[in-house]
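J.: Here you go, one structure.
The values are calculated or read from the model by the stated rules, or taken from the named source; none is laboratory data. Because the structure is a prediction, the values reported are computed rather than measured. Cβ atoms come from the backbone with ideal geometry, glycine included; neighbour counts cover every protein chain shown.
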Amino acid sequence: LTLTSAVVSAPSGTAALTDCGLIPALLSTVAVDPSFAFHPGEISSDHDDFRSNSLLRFITAQAIQIIEGAIVTHNNALNAFHELDGVHILIKRLHDEIVEIRKC
C-alpha cells in the first residue's frame, strides 16, 4: 500500500489507479469486519490474534488515507466513492471500532 500511496500522490497516478478500480478495492478492504477476518482455529494464541487485528487495522488506516488522497485530487475517484456509498462504509467501520473499544 505504500507504493499505491506514492502513485496516488501524482494526479496522473490517481487517474490511472482510479480507472483500474482503486476505490472499490480499497473500500472492500475498509469494509472487512475484523471479527470475521480469520476463521476459527487459524489464530493459535491471544498474541497472534492481537497481532493479526493490529495488522488489519494498520492496513485499513492506510486504505483510508489512500482513499482520502484520491478523492481530494481526482473527481472520478470522488464519484466512485460516492456511487459505492463510501461514506456509509467508513461510518460503519468507525462504529464497529468504537463498539470493540467499549467491550474492553
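J.: Would you pick out the residues in the stretch 53-77 that are surrounded by 12 or more Cβ atoms within 10 Å (Cβ to Cβ) and more than 15 Å from the chain's Cα centre (by Cα)?
T.: Hits for the stretch 53-77 are THR73, HIS74, ASN76.
J.: On to the next question. Mind checking which pairs have a first residue in the stretch 2-18 that is closer than 13 Å to ASN76 by Cα and a second that is outside any helix (DSSP H, G or I) and at pLDDT below 90, Cβ under 9 Å, 6 or more apart or different chains?
T.: If the second residue must be outside any helix (DSSP H, G or I) and at pLDDT below 90, no pairs are left.
J.: Okay, moving on. Hey, among THR4, THR18, THR60, which residue is under 17 Å from HIS82 (Cα atoms), modelled with pLDDT of 90 or more and in a helix (DSSP H, G or I)?
T.: THR18
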